[in-house]
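Values in this text are rule-based calculations from the coordinates and carry no lab data. Here the structure is a predicted model, which means the values were calculated and not measured. Here the Cβ positions follow ideal geometry from the backbone for every residue, glycine too, while neighbour counts run over all protein chains shown.
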Amino acid sequence: MDAWTWVAHYADGGTLEELDPHGDHGFADVDLERVCGFELRPIGAGLPAVYVMIDAAAGERPVFFRRRATSWLLAGGDPSTVFTCVGRRDGHGATCVFLDETGRVLLADEGAMD
């Protein structure tokens, strides 16, 4: 089960929510030219919210994906089977935060994503 839902924030104050009462959206629906922020909202209690600021005018674009049925193990914990990635990419690379379904966080840069 997914632990977060995303919200794209636009410079004009508008938003696009993944889980919208009028119909769900995919990341491909995000207007990358207008986005100024990308938020992960926790679905369950006890998980952190994550907000990434995006400077679209400078060429930054949000990064988002989920992987279900991928196992990774951080020191001192049980293996996780779902992780969510959010971050930003520009012409020089990407910086992303990977979160597992328990809220554990791993920060990575472009080199770690290759």
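Computed quantities for the displayed model
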{"item": "Segments 9-20, 28-39 sorted - mean Cβ within 10 Å per residue, highest first", "result": "28-39, 9-20"}
{"item": "Charge context of Ala49, other residues only, Cβ under 13 angstrom, K/R +1, D/E -1", "result": "0"}
{"item": "Full-stretch length increase - Phe27, Thr102 - with 0.36 nm per residue and alpha-carbon distance subtracted", "result": "24.7 nm"}
{"item": "Potential lengthening between Leu19 and Thr5 on full extension [0.36 nm per residue; Cα-Cα distance subtracted]", "result": "4.3 nm"}
